[in-house]
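Bear in mind that the values in this text are calculations on the coordinates, not laboratory data. Quick caveat, the model's predicted, so the values are computed rather than measured. FYI the Cβ positions are ideal-geometry reconstructions off the backbone, even for glycines, and counts take in every protein chain you see.
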Amino acid sequence: MTVRKNFLLDDEIAKHLEEIAKKEKTTQSEIIRRLIEEKYQEYLKLERLKAFKTIIPVEPGTLVGKSIQSIKEEMGQDI
């Protein structure tokens, strides 16, 4: 499904958008779609990292010089 949105842009930003679309040989809508999706993925990645850190808190430097095998052995897991 496609949804129509209307945005107000300053003249300079509108020109930049037009130039980017021309250089990339695509539509202005596609440029905006990609930029929004890239930003959304950044936020998603940060949220996932934050959630992961709450599950498994690791102090900086605690894994220096350790292999996955040695960490598993410390946790009592066999490979």
* **Within a Gaussian network of the chain (alpha carbon springs, distance under 10 Å), most fluctuating of ILE13, ILE32, ILE68** => ILE68
* To do: About the Cα centre of the chain, how large is the charge dipole given +1 on each Lys and Arg Cβ and -1 on each Asp and Glu Cβ? Please answer in debye to the nearest 20.
  => 240
* For the chain, set up a Gaussian network in which alpha carbons nearer than 10 Å are linked by springs, and say which option among GLU47, GLU37, GLU59 fluctuates the most. => GLU59
* What's the tally of Lys pairs in the chain whose alpha-carbon atoms lie under 18 angstrom apart, where the two lysines are 8 or more places apart or on different chains? -> 5
